[in-house]
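Let me begin by presenting the structure, written as structure tokens, before commenting on it.
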Amino acid sequence: MADRVTVIGWDGSPLTAAARSALAAATLVAGAAHHLALTEVPATAERVRLGSVALGARRIAAHRGTAVVLADGDPGFFGVVRTLRAPEYGLEVEVVPAVSPVATAFARAGMAWDDAQVVVAHPRTLRRAVNVCRAHTKVAVLTSPGAGPAELGLLLDGVHRTFVICEELGTEREQVSVVTSENAADHTWRDPNVVIVIGGPVSAADGGWIAGRDPGAGPRGWALPAEEYGGGLGEGETDLLRAAQIARLGPRTGDLVWDIGAGSGAFAVEAARCGAAVIAVDRRPDNCARIEAAARRFGVQLQTVHGTAPHILENLPEPDVVRVGGGGVAVVSAVADRRPRRVVAHAATRDEAELIGRDLTEHGYDVECALLQSVQLDTRAWTEKERSVAFLLSGHLPERSP
């Protein structure tokens, strides 16, 4: 086992005295090619080109001597420290941090970043990173080969964003470019790079109290009444049914939600308030305008699509969870073909509920059905004001994490 492991962050500025001292004593130095080319790396030290951090950690654990790992920026922020400190390697790690690439990127852009979401985009996480860019107005994306600015722009099809692309920060080849998401795929970008994704006006107001998205923004509570959404709810929409649908789907940051037959936009807005990306589909242009107005009122980002399901769904990006607010079994079947993790729908009659439930079961979903009845009372006289009854159907794929 290595006697000592020092992880040194590098941001292009001169190394600190502590970093130079650790390097001078190193018998093994691991890092990327540009790290190993630093003049401070001892000529006598064994050099390990870091590809897989896990493989590098095993190599370091087997080394007899003093090891140094060089990494870009702050190695404790989405960096190598987490892997090196894993119990299976048994390494004692000391960290000499530098400025993170995210902080440097925002500094180059002249922007505050306490209100930004920060995500890592690998090929396996790219879609979820894109969903965060759909849902939030300021996102920093730490990219990787195959999940860079071009891929982000292509997957944001239909959603306009401004990209501030910072290439090779801290090096002589550093470059900062501002392009639209639609044009990002027209260029070849150098790695490593950080992309700042801007989806609306940048606020000049005082900062908040928590980094990233303020979970307390907007009115308190869920299943808000119709007047919060600019008027009456759509056909088949009720506050309590919406609450049950949100609870069954559990939309969260990184998800893409389809709301088909979005009506008033109440469900779409509340799903967006959960941090999810939302595409609201409706066949009526006045409903689409109303949904966009509700989104502005609540300060959330969502995309509206005007068209009739199921045909309009063909070119939409893959969903994680779906609410079917209209269209019946034909739309439910088209949705199930796309294999979202969870689906909710409602029916006015038992026969319709049985058809929807049967279709979801045939598509491999585990299905639950509940008869929801709500009665609104006038508390001045404790008399009935309004009654609604609906069958709520929910399905989830058993072979995937709910």
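The values are calculated or read from the model by the stated rules, or taken from the named source; none is laboratory data. Worth saying up front: this structure is predicted, and the values here are computed from it rather than measured. As a convention, Cβ positions derive from the backbone with ideal geometry for all residues, glycine included, and neighbour counts pool all protein chains shown. Accessible surface is based on the protein model in full, side chains and every heavy atom, while ligands, DNA and RNA are left aside. Shrake-Rupley method; radii C 1.70, N 1.55, O 1.52, S 1.80 Å.
Summary of values
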{"read-out": "Matching entry among Ala293, Ala309, Ala243, Ala289 (being among the aliphatic types (A, V, I, L, M) and either within 22 Å of the chain's Cα centre (by Cα) or not in a helix (DSSP H, G or I) (or both))", "value": "Ala309"}
{"read-out": "Failed item, numbered, when Thr361 is tested on (1) closer than 23 Å to Arg283 by Cα; (2) open to solvent by 20 Å² or more (accessible area, probe 1.4 Å); (3) assigned to a helix (DSSP H, G or I)", "value": "(1)"}
{"read-out": "Selected residue [in contact with a Ser or Thr (Cβ under 6 Å, 6 or more places away or on another chain) and touching a residue at least 60 places away in the same chain (Cβ under 8 Å)] from Gly199, Gly236", "value": "Gly199"}
{"read-out": "Scan of segment 255-297 for residues that are closer than 23 Å to Arg342 by Cβ, open to solvent by 20 Å² or more (accessible area, probe 1.4 Å) and hydrophobic (A, V, I, L, M, F, W, C), ordered by number", "value": "Cys274"}
{"read-out": "Checking Gly327 against (1) over 25 Å from Arg220 (Cβ atoms); (2) at pLDDT 95 or above, the condition it does not meet", "value": "(2)"}
{"read-out": "Test for Ala217: is it touching an Asp or Glu at 6+ places or on another chain (Cβ under 6 Å) and either open to solvent by less than 40 Å² (accessible area, probe 1.4 Å) or more than 27 Å from Gly153 (Cα to Cα) (or both)", "value": "no"}
{"read-out": "Residue selected from segment 1-39 under the condition open to solvent by 70 Å² or more (accessible area, probe 1.4 Å) and within 20 Å of Gly65 (Cα to Cα), by the criterion modelled with the lowest pLDDT", "value": "Met1"}
{"read-out": "Residue count for segment 114-150, restricted to those that are outside any strand (DSSP E or B) and either crowded, with 20+ Cβ neighbours inside 10 Å or within 12 Å of the chain's Cα centre (by Cα) (or both)", "value": "18"}
{"read-out": "Pair list, Cβ < 6 Å and 6+ apart or interchain, from segment 346-368 residues that are within 21 Å of Pro398 (Cβ to Cβ) to residues that are in a strand (DSSP E or B) and of a type in the set (S, T, N, Q)", "value": "Glu368/Ser394"}
{"read-out": "Odd one out for Ala345, checked against (1) small (Gly, Ala, Ser); (2) open to solvent by less than 20 Å² (accessible area, probe 1.4 Å); (3) under 21 Å from the mean Cα position of the chain (by Cα)", "value": "(3)"}
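Conditions (1) at pLDDT 95 or above; (2) surrounded by fewer than 17 Cβ atoms within 10 Å (Cβ to Cβ); (3) farther than 21 Å from Arg20 by Cα, marked per residue:
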residue	(1), (2), (3)
Leu50	no, no, no
Val53	no, no, yes
Val68	yes, no, no
Pro75	yes, no, no
Gly79	no, no, no
Glu88	no, yes, yes
